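Here is the structure we will look at, set down as structure tokens.
The values are calculated or read from the model by the stated rules, or taken from the named source; none is laboratory data. Worth saying up front: this structure is predicted, and the values here are computed from it rather than measured. FYI the Cβ positions are ideal-geometry reconstructions off the backbone, even for glycines, and counts take in every protein chain you see. When the accessible area is computed, the model is the full protein with side chains, heavy atoms only, and any ligands, DNA or RNA have been set aside. Shrake-Rupley method; radii C 1.70, N 1.55, O 1.52, S 1.80 Å.
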Amino acid sequence: MDLKEEHLLGDQVETHWYYRAKRSALLAATRNVPATHVLDIGAGSGYFSRALIRAGRTQRATCVDLGYPGDSDALESGAPISFRTDITRSDADLVLMMDVIEHVPDDVALVRDYAAKVAPGTHVLVTVPAFMWLWSGHDVFLEHYRRYTLIGIEAVLRKAGLEIVAGHYFYGGVLPMVAAVRAVRRLTRAGQAPASDMGRLPAPANALLAGLCAAEVPVMRFNRLGGTTAMVLARRG
């Protein structure tokens, strides 16, 4: 989770439709991936690692983020979580890179670097923002370098030495709304400082969007057409 977004959402993080949906998508995408140790790159607060622990999908997690003030350790539901600014090697059997590689100039190098730190056979789940035509002040605010097509992110992972297991788009149901909002904002916010699209919502709107995304999760694996996020499960060969 991006720490900038966590600050904006405050105590609504756990209930916000966007993160509820991505949590559900993560759990669905890794349903058949055995994981005793999760390595969460660019983890921020560790939201997604904590979700896997709470769901009984892993026994421990290591969260890596350059934004941490220092190394520390904690517990989540009795399971250990290590927060580190860097690592050299890991025995993790599942690596998460949730909305991370769009933040660096060389995405292939970043993925290759962390893939080299885990054993062959380790699964890697990657999510990235989709489609450059959706580029907006939101991306500038979050310091993105690019957005991706599904074919594009799969090519990046292959160049980094990974094998593709499955790939699809997510948030397909909200894509028309997001596209419309961003088109309007390009016209009405020209010249203004970049800002995130993420924010607190009234309960009815939050519930509506959460329900729309929840209905998409069971069929998302078939969606190679469009969404605001591309999600790929890969494996180190």
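Projected onto the charge dipole of segment 62-208 (+1 at Lys/Arg Cβ, -1 at Asp/Glu Cβ, origin at the Cα centre), which of ALA115, SER136, ILE101 gives the Cα projection farthest towards the positive end?
It is SER136.
Using a 7 Å offset from the Cα along the Cα-to-Cβ direction at both ASP91 and ARG112, what is the distance between the two label points in nm, to one decimal?
2.9 nm
7 Å from Cα along Cα→Cβ at both LEU187 and ARG158: what's the point-to-point distance in nm?
Simple spin-label model gives 4.0 nm for this pair.
What are the residues whose amide H is under 5 Å from the amide H of GLY161, where those residues sit 5 or more places off or on another chain and H is modelled from the backbone?
Under 5 Å from the amide H of GLY161 lies no amide H from a residue far enough along the sequence or on another chain.
Show that you can apply the helix-only estimate: for the chain, add -39,500 (n - 2.57) for every DSSP H stretch of four or more residues, divide by all residues, and state [θ] at 222 nm to the nearest 500. Let's see the in-between values first.
Values: 8 runs with 80 residues, N = 237.
Theoretical 222 nm ellipticity from helices: -10000 deg cm²/dmol.
Go through segment 118-124 residue by residue and turn each phi into a ³J(HN,Hα) via Karplus (6.51, -1.76, 1.60, θ = phi - 60°); whole Hz please, and just put x for glycine and proline.
Taking θ as phi minus 60°, the curve returns 10, 7, x, x, 5, 7, 10 Hz for segment 118-124.
TRP133: accessible area at probe 1.4 Å, nearest 10 Å²?
Surface accessible to solvent at TRP133 totals approximately 140 Å².
At q = 0.10, 0.13, 0.15 Å⁻¹, what log₁₀ I(q)/I(0) does a Debye calculation on the Cα points of segment 8-115 give, no solvent, two decimals?
Log10 I(q)/I(0), no solvent term: -0.27, -0.47, -0.64.
Considering only the chain, what is the antiparallel percent among its DSSP beta bridges, to the nearest 5? If you can, show how the numbers build up before the last one.
Working: 20 of 38 bridges.
So the antiparallel bridges amount to about 55 percent of the total.
Can you work out ³J(HN,Hα) from phi for every residue in segment 66-83, in order, using Karplus 6.51 cos²θ - 1.76 cosθ + 1.60 and θ = phi - 60°, giving whole Hz and x for Gly and Pro?
After applying 6.51 cos²θ - 1.76 cosθ + 1.60, I find 5, x, 5, x, x, 6, 7, 9, 8, 10, 10, 6, x, 9, x, 10, 9, 10 Hz.
Just grab the label-to-label distance for VAL219 and THR149, each label 7 Å out from Cα along the Cβ direction, in nm (one decimal).
Result for the modelled spin labels: 2.4 nm.
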